[in-house]
Amino acid sequence: MQELVTAAIAVGCAGLVCLASAVRIVKQYERGVVFRFGRLLGAPRLPGLTLIVPIVDRLHKVNMQIVTLPVPSQEGITRDNVTVRVDAVVYFKVVDPASALIRVEDYRFAVSQMAQTSLRSIIGKSDLDDLLSNREKLNQGLELMIDSPAVGWGVQIDRVEIKDVSLPDTMKRSMARQAEADRDRRARIINADAELQASKKLAEAAQQMAHTPSALQLRLLQTITTVAAEKNSTLVLPFPVELLRFLERAQQHPKSQSQESSDQTPAAPLTPLRTTADAVTAAAAAPEPPVPEGVGSPSQAIQP
């Protein structure tokens, strides 16, 4: 009887050990894949308490959470021949636990290598401006390039983000000079536009004051009031504008009188020019002058 009790206790202990080795707990964010004699057995086990056959079955737990995988910095040459270093982050999760274990040896390492090669390809196909300003489009293209082969591994790419773009120091200085020149150009354009608008307003004000001369006097008094309000040693002497206009008219009056006198003076008659032949003909036609007595005979007179 004692031997039977001992045997029962031994069998019970063995049963408890076998039951303990057969019991498995699968967490909520995991799925259990069972292999029996190396072959896949049915669908993955759901979260909770599950049993397997000891020594015969092997249970592999697969994490179904979203994995954050940093991609090491990749150096490449852009399409406009600029050397850059780009690093990124890949967010993915396992959607098919059986395929993640069977079709690829290590799905994490496979996704990492695919992300690095895709990132190098994106760098070579893009310009520097796209890498700096148009990252959303590049992220989408990078996600499609990684997700295409990852679908067969039971992995789904949730999101890909380009984290940082490192530029050479010479390129940084060139971009800084370019940005400074662009800001200087915009400042000059704004200043010129302001000067143009101010000149138009001043022209309109001048035309308005020309129709009402008293407005100019009021403006002068306002300027004197503004200057006198400040505590300074500036001496302001108001000069009547009418006096300036009087001096201007007085300066223009002598000029107009001198011009009128020059217009009223008669011009000297113009003598026609004569040629040598006309002078000889006129001398021949003139009468001979009388010869005084005692000078000589008429035959001695000089013929013209």
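The values are calculated or read from the model by the stated rules, or taken from the named source; none is laboratory data. Nothing here was measured: the structure is a model prediction, and the numbers come from that model. Here the Cβ is made from the backbone with ideal geometry for all residues, glycine too, and neighbour counts use every protein chain on show. For accessibility, only protein heavy atoms count, side chains too; no ligands or nucleic acids. Shrake-Rupley method; radii C 1.70, N 1.55, O 1.52, S 1.80 Å.
Assorted remarks:
- Violating pairs (Cα-Cα greater than 31 angstrom) within the set 137/172; 27/137; 61/137; 125/172: 27/137; 61/137
- Positive-end ranking of 2, 42, 21 along the dipole of segment 1-101, with charges on Cβ about the Cα centre, is headed by 42.
- When a 1.4 Å probe is rolled over the protein heavy atoms, the share of accessible surface on segment 1-115 that falls to carbon and sulfur comes to 61 percent.
- Principal axis box of segment 66-200, alpha-carbon based, largest edge first, Å: 79, 31, 20
- Remark: relative contact order (segment 52-128) = 35 percent; criterion is Cα-Cα distance under 8 angstrom and separation of 6 or more residues.
- Overall Cα dimensions of segment 1-85 - principal axes, largest extent first, Å: 92, 25, 24
- Built amide H within the under 5 Å cut-off of residue 67, gap 5+: 92, 93
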